[in-house]
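Engineer: Before I ask anything, here is the structure I am working with.
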């Protein structure tokens, strides 16, 4: 293991104690309800 990998592993281990907030949000939010809104915003006819 080189110095960079060692450092990244240490930082990752440190961050794990805070939990995965994005995974928690994923369980609470119905992302599919945003699909029609985003489709209208992102789809353009050229």
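Engineer: Looking at this structure, is residue 26 part of a helix (DSSP H, G or I) and surrounded by 10 or more Cβ atoms within 10 Å (Cβ to Cβ)?
Structural biologist: yes
Engineer: Show the residue pairs meeting these rules: Cβ distance below 8 Å; 6+ apart or different chains; first residue within the range 1-21 and surrounded by fewer than 10 Cβ atoms within 10 Å (Cβ to Cβ); second residue at pLDDT 85 or above and part of a helix (DSSP H, G or I).
Structural biologist: Between residues of the range 1-21 that are surrounded by fewer than 10 Cβ atoms within 10 Å (Cβ to Cβ) and residues that are at pLDDT 85 or above and part of a helix (DSSP H, G or I), the close pairs are 1/9.
The values are calculated or read from the model by the stated rules, or taken from the named source; none is laboratory data. Keep in mind it's a predicted model, so treat the numbers as computed, not measured. Using ideal geometry, Cβ is built from the backbone for each residue, glycine included, and neighbour counts are taken over all protein chains shown.
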